[in-house]
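**Q** One structure follows; several queries about it will come next.
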Amino acid sequence: MKVFYKRKPQITSALSIVLFAALLLSLCPTRALSASPAQFDYSSYQQFLDRYVVQGKSIGGIKLSVIDYESIQRDRKKPNSLYERILKQLATFDPRTLRNTQEQKAFWINTYNIGAIKMIVDYYPVDSIRSRKINWFRNPWALKILTIGNETYSLGQIEHEILIGNYQDPLIHFAIVCASVSCPDLNPQVYRGDRLQRQLERRARHFLLNRKKGLRIRKEQDEVFFSQIFRFDEKSFANGAKDAVPLIVRFIDDNEDREYVHTGNYKIRYLDYNWDLNTLKNSR
């Protein structure tokens, strides 16, 4: 009998705790859900890339992947279009629920690229992201363009405050695409946290192999031409391409070229930056 009476209050107490916890969950369902780690569903965005990104094209003699903006503009008017579906997903998603740093970084890279495409689509037709039709001062990066959760972001915020500011990973520069010919090519695959490092390294190598917009070595003239993206980001590369050399040499496969660039015994030049739109319409 003594054992029975000792156990009974323990059971009652445990039952009370369970019932109280259930009551809290029923009263605060949103708060309980937001505490759980989540993943963003990229299936619509992958379908979007499959449909509208065309590889192996050329504009102004520069090889690149292009985007079929005209088809995006036409298709967005259809019910439940991929484009509008992606924007609705982003507008209701809380990135704070992403599971880890790699997932967060991949998410913000993807959203930057979606935001740049939206910038073009919103003002289409334009010939460049720096068109005065978008911004009179040719500075579109300050415009609030993409709604994520309850906040609307500019491309500048996503790039400098979130991606570079939070993660300080220079490989990000090879993945974000500002809708221009001389930008890195838009990756035909969405960026994902579980494979992000490999994806970024592949995009770095792909970009630097392009002699018209990535890297061009001219030993006979003692000069190396670098992309101007290494001059644009003064926080990551305070001294321009000179500071980018340790990063760049990781992705030069030829031993002699890698050693030559590593020495720094050459004149640093910069490739012309083509701001023309990376559009299928103007490609060959």
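**Q** Condition first: in contact (Cβ under 8 Å) with a residue 40 or more places away in the chain, in contact with a helix residue (DSSP H, G or I) (Cβ under 6 Å, 6 or more places away or on another chain) and either assigned to a helix (DSSP H, G or I) or within 30 Å of residue 38 (Cβ to Cβ) (or both). Can you find one or more residues in the range 261-275 that meet it?
**A** yes
**Q** Take the residues of the range 164-214 that are among the aromatic types (Phe, Trp, Tyr) and crowded, with 19+ Cβ neighbours inside 10 Å: which is nearest to residue 240 (Cα to Cα)?
**A** Checking each candidate, the answer is 174.
**Q** Does the range 62-85 contain at least one residue that is touching a helix residue (DSSP H, G or I) at 6+ places or on another chain (Cβ under 6 Å), acidic (Asp, Glu), surrounded by 16 or more Cβ atoms within 10 Å (Cβ to Cβ) and over 29 Å from residue 235 (Cα atoms)?
**A** yes
**Q** Identify all residues within the range 142-159 that are farther than 17 Å from residue 105 by Cα and crowded, with 20+ Cβ neighbours inside 10 Å; write none if there are none.
**A** If the condition is that a residue be farther than 17 Å from residue 105 by Cα and crowded, with 20+ Cβ neighbours inside 10 Å, then 145 is the only one that fits.
**Q** Counting only residues that are within 23 Å of residue 189 (Cα to Cα), modelled with pLDDT of 95 or more and acidic (Asp, Glu), give me the helices (runs of 4 or more DSSP H) lying completely in the range 1-102 with at least 2 of them.
**A** Because the criterion is at least 2 residues that are within 23 Å of residue 189 (Cα to Cα), modelled with pLDDT of 95 or more and acidic (Asp, Glu), the helices (runs of 4 or more DSSP H) in the range 1-102 that meet it are 69-75.
**Q** Further question on the same structure: Please determine, by comparing only the residues of the range 188-226 that are assigned to a loop (DSSP other than H, G, I, E, B) and in contact with a helix residue (DSSP H, G or I) (Cβ under 6 Å, 6 or more places away or on another chain), which one is farthest from residue 130 (Cα to Cα).
**A** For the range 188-226, the residue satisfying everything is 192.
The values are calculated or read from the model by the stated rules, or taken from the named source; none is laboratory data. Here the structure is a predicted model, which means the values were calculated and not measured. Glycine gets a Cβ as well: all are built from the backbone with ideal geometry, and neighbour counts include every protein chain shown.
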